[in-house]
Amino acid sequence: MVQIMTAFLIAFRICFRLLQEDIYGVISGALLYIKDDFEAVSKSSFLQETIVSMALVGAMIGAAAGGWINDAFGRKKATLLADVVFALGSAVMAAAPNPYILILGRLLVGLGVGVASVTAPVYIAEASPSEIRGGLVSTNVLMITGGQFLSYLVNLAFTEVPGTWRWMLGVAGIPAVIQFCLMLCLPESPRWLFIKNEKAKAISILSKIYEFPRLEDEVDYLSSQLEDERQKKNGVSYWDVFRKKEIRLAFFAGAGLQAFQQFVGINTVMYYSPTIVQMAGFHSNQLALLLSLIVAAINAAGTVLGIYLIDHAGRRKLALTSLFGVVISLIILSWSFFVESSDSTSVLYGWMAVLGLTLYIAFFSPGMGPVPWTVNSEVYPEAYRGICGGMSATVNWVSNLIVAQSFLSVAEAVGTGATFLILAGVAVVAFAFVIVFVPETKGLTFEEVEAIWKEKAWGSGSTTRSLLERGNEF
């Protein structure tokens, strides 16, 4: 019980830092008011998309560098750096005199988010026992979705305050400052310390996670792995990820999940949900924000369910169920916009669009929300975890950028209904991808997961074969 509570505390505090990532989601509501202040923004869908997506450009760069920062300087220092950059970006956004300085602030915020997106899941996975690792990494996603809910509350709180959007974006820096102070009190990842040959510090930290009998086993195990991991580390390069078949397969599965998480449209829904609600016929800014708040609340509630299910139902089954529901929800959304465009006098179709949004979040949040991050924290060998984690997170942000930068333009070009129908088709492809390429990792150690990829790559071996069969159950 002590080890579970301690590991949960570590996970919770790290996830609290990711509250910033979701307060940064206030752009969805702030955009409604930015258009009122800057005429150039209100007249240009491209400029609106750029304000939203420039944070994703920063996140992409931050995630790409985050793997190296984590491996070179540790998980703790990486998080502290992300906090500083994020707080600076929030201040720049709040003071922006024109859309272009606002875009610069969004870039800085994105850099902080990108580094954090690599750091938190790995830290949690390395500091927690394998039997509860999935739930703890999913707690990370709960803090994300909880932050999204709070972001809409922030939006509503400042709707009647002078300088509306400046307050919305500026307060996002407060959690960064708080988390910076909290992180000063938290330890480094014990597994990383072992790799860096700082055994005394690692053992001290492990004693706070495990009770004595388990502590002794864990220390012996990490000590036996130290030399092997150091030898692997000396020969690690980005090219190895693609040259070594078992690493390539693991990266393909992990990065594919990250890409599909975005290409099925989740952050389009979260960033533009007030705008989508207005497209559905609800033209009041405040009503659009209120309806979006309900969507965000369902997102947070669904993630709570996902935390339970991910270590009981398993990663693979949860992802497949989630994607099935996403397809149905996107079809409802698409249909409501197609019909609404032909009968603009009825408010019924607007409510059908809101229902589609709600169902989409209800299905997405327990499954495709936490599963990609959980799987990516588990599927890579230690020597490649930082590199692959950073590359995979970069894939996530690049995919996010593509969707966010194109959604409004595509919706204008082919119609909102057709846009959601395209996303439904992508979700069908994602369903097939999970069936074919993603094994189950529930309850397996890092080494057992590595054995699955070796079996997939090279075959043979009765022990690894049984693990592979277990990994493919759903």
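The values are calculated or read from the model by the stated rules, or taken from the named source; none is laboratory data. What you see is a predicted model; the values in this text were computed from it and never measured. A quick note on method: Cβ atoms are made from the backbone with ideal geometry, for glycine too, and the neighbour counts reach across all protein chains shown. Protein only, heavy atoms only, side chains kept; ligands, DNA and RNA dropped before computing areas. Shrake-Rupley method; radii C 1.70, N 1.55, O 1.52, S 1.80 Å.
Please work out how much length the chain gains when fully extended from Ala418 to Leu184, using 0.36 nm per residue of separation minus the C-alpha to C-alpha distance, in nm with one decimal.
Taking Ala418 through Leu184 to full extension adds about 79.3 nm, to one decimal.
Would you kindly state how much longer the chain becomes between Phe437 and Arg214 on full extension, computed as 0.36 nm times their sequence separation minus their alpha carbon distance, in nm to one decimal?
Between Phe437 and Arg214, full extension yields 76.9 nm more.
Mind ranking Phe420, Phe324 by accessible surface for me, highest first, 1.4 Å probe?
Most to least solvent-accessible, the answer reads Phe324, Phe420.
Starting from the Cα gyration tensor of region 391-434, multiply each eigenvalue by 5, take the square root, and state the resulting semi-axes largest first in whole Å.
21, 16, 4
If you roll a 1.4 Å probe over the heavy atoms of the protein chains, what accessible area per residue do you get for region 333-435, in Å²?
About 32 Å² of surface per residue is accessible.
Order these peptides, 75-88, 404-417, by their mean beta-carbon neighbour count within 10 angstrom, highest first.
75-88, 404-417
Determine the share of region 60-104's accessible area contributed by carbon and sulfur atoms, expressed in whole percent, with a 1.4 angstrom probe.
Looking at region 60-104 in its full context, I get 81 percent from C and S.
Please give the length that would be gained between Ser42 and Ser224 if that part of the chain were fully extended, namely 0.36 nm times their separation in residues minus their C-alpha to C-alpha distance (nm, one decimal).
59.4 nm
Report, ordered by chain and residue number, the lysines lying within cross-link reach of Lys77, taken as a straight Cα distance under 19 Å and ignoring same-chain residues fewer than 8 apart.
Within reach: Lys196, Lys199, Lys201.
Just to make sure I understand: if all protein chains stay in place, what is the order of Ile307, Ile203, Ile174 by accessible area at 1.4 Å, largest first?
Ile174, Ile203, Ile307
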